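What follows is a short report on a single structure.
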Amino acid sequence: MNGTNRTHSLSIDRIACDGYGLCAELLPERIALDEWGYPIVGSSPLTGQALGHARRAVAACPALALRLDQAPDQQQPRRT
């Protein structure tokens, strides 16, 4: 499997997050804000156009609390 077909997911460093809400403005289809203004991220994988929007949201986070993680390969476990 080549790297272009990999999926990614968003995660938030809850300690670093200051609740600016910029991520939810830039990626409202994936990030909602709770009643205190802190982000809630969905667990569905990001691909295609959503991945590009997610990269912009990660780059714009003033607290550097939003992270884009590459999902591990979906390979079968090795048998020994």
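Considering only residues in the stretch 43-68 that are of a type in the set (G, A, S) and loosely packed, with under 13 Cβ neighbours inside 10 Å, the one that is farthest from E29 (Cα to Cα) turns out to be A59.
Scanning the stretch 17-35 for residues that are of a type in the set (V, I, T) and in contact with a Lys or Arg (Cβ under 8 Å, 6 or more places away or on another chain) returns no hits.
The residue of the stretch 43-67 that is modelled with the lowest pLDDT, among those that are in a helix (DSSP H, G or I) and among the aliphatic types (A, V, I, L, M), is A50.
The residues of the stretch 1-51 that are over 16 Å from L68 (Cα atoms) and of a type in the set (D, E), listed by number, are D18, E25, D34, E35.
The values are calculated or read from the model by the stated rules, or taken from the named source; none is laboratory data. The shown structure was predicted, so the numbers you read here are calculated from the model rather than taken from an experiment. Ideal geometry is used to build each Cβ from the backbone, glycine not excepted, and the neighbour counts take in all protein chains shown.
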